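Beneath this line is the structure, given in structure tokens, with notes to follow.
The values are calculated or read from the model by the stated rules, or taken from the named source; none is laboratory data. Because the structure is predicted, anything quoted here is derived from the model rather than measured. Don't worry about glycine lacking a Cβ; one is built from the backbone with ideal geometry, like all the others, and counts go over all protein chains shown.
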Amino acid sequence: MAKSPPAADTCRLYLITPPNLDGDALGKFVDALTEALDAGDVACLQIRIKNPDDTPAPDAYIRRVAEALVPVAQSRDVAVIMNDRPDLALELGCDGVHVGQQDAAYKQARATVGPDAIVGVTCHDSRHLAMAAAEAGADYVAFGAFYPTTTKSPKSSASPELLRWWSEVMEVPCVAIGGITPENSAPLIDAGADFLAVSAGVWAHPDGPGAAIAKFTAAIAAARPAD
């Protein structure tokens, strides 16, 4: 994910790992990730690992996952973003960190990962939080949830108009998140989303992750064709 805003006619995919990659699941996911990244354009991969009750996972578990996934993504020029943990992002060679409103503050995250790393901030459905994050120096803001999702319990519900407003008044890129599929992505792309954050929409796709990426790519091209 470039630190400068993407061109106005682009929208790219921002993949998020399943929250549980323990045991044999990690090896299978490496194969799924490889298939997805080789199937089309992906900007970045967020490593988001949680316990089954959505509490923070042990550091050793996160390290094991990152050590398996970071080389796969970075060898394909896909940026790796660590969720919640600026310290582990720095330690494990990630390209940046994503922080929520209850996680490390932006300034703390930036101080940890340094000036050249990517720092993104969850802003739910709040214009105020997004403006504050952008003014502080965030490289992107994330809005959502736009659709129902089983990946995590959303704290807010957002509408495409929020993306439209943001893209008209701000240059900092915005990420749309929450229940996004190839079939429902068009309104978000049309509204100005720079990135679509997707988890189950790719990993749980009935035709496999490669087919899901191909369908997202087609949806992006149809909704916002290149000049």
Test result for L45, farther than 17 Å from C94 by Cβ and in a strand (DSSP E or B): no
Extreme residue, surrounded by the most Cβ atoms within 10 Å (Cβ to Cβ), among residues of the range 100-117 that are farther than 22 Å from A197 by Cβ and not charged (D, E, K, R): T112
Which listed residue is within 18 Å of I177 (Cβ to Cβ) and in a loop (DSSP other than H, G, I, E, B), from P52, P19: P19
Unmet criterion (only one of (1) farther than 23 Å from A111 by Cα; (2) surrounded by fewer than 22 Cβ atoms within 10 Å (Cβ to Cβ)) for L37: (2)
Count of the range 35-54 residues which are at pLDDT 95 or above and either aromatic (F, W, Y) or under 17 Å from the mean Cα position of the chain (by Cα) (or both): 12
Close pairs (9 angstrom Cβ cut-off, 6 or more residues apart or separate chains): farther than 13 Å from F146 by Cα and without any contact (Cβ under 8 Å) to a residue 12 or more places away in the chain in the range 159-185, among the aromatic types (F, W, Y) and buried (at least 18 other Cβ atoms within 10 Å of the Cβ) anywhere: none
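If I go through the range 100-129 residue by residue, how many of them are among the hydroxyl-bearing types (S, T, Y), part of a helix (DSSP H, G or I) and farther than 18 Å from D59 by Cα?
Residues in the range 100-129 being among the hydroxyl-bearing types (S, T, Y), part of a helix (DSSP H, G or I) and farther than 18 Å from D59 by Cα: 1 in total.
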In the range 55-77, residue farthest from A197 (Cα to Cα) [restricted to those that are outside any helix (DSSP H, G or I) and of a type outside the set (A, V, I, L, M)]: P58
Residues of the range 186-210 satisfying the condition of being among the aromatic types (F, W, Y) and either without any contact (Cβ under 8 Å) to a residue 40 or more places away in the chain or closer than 19 Å to I118 by Cα (or both): F195
Qualifying residue in the range 55-63 (condition: of a type in the set (D, E), under 16 Å from the mean Cα position of the chain (by Cα) and more than 23 Å from I189 (Cβ to Cβ)): no
Positions within the range 176-191 being within 12 Å of E161 (Cα to Cα) and either of a type in the set (D, E) or under 16 Å from the mean Cα position of the chain (by Cα) (or both), in sequence order: A176, L188, I189, D190
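Quick one: which helices (runs of 4 or more DSSP H) lie wholly within the range 169-225 and hold at least 1 residues that are of a type in the set (D, E) and surrounded by fewer than 18 Cβ atoms within 10 Å (Cβ to Cβ)? Working first, answer last.
On the way: elements: 186-191, 200-203, 209-223.
Helices (runs of 4 or more DSSP H) meeting the threshold: 186-191.
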Test: residue in the range 25-42 that is assigned to a loop (DSSP other than H, G, I, E, B), free of Cβ contacts under 8 Å to residues at least 60 places away in the same chain and closer than 26 Å to A133 by Cβ: no
Number of positions in the range 84-99 that are crowded, with 24+ Cβ neighbours inside 10 Å, not in a loop (DSSP other than H, G, I, E, B) and not hydrophobic (A, V, I, L, M, F, W, C): 3
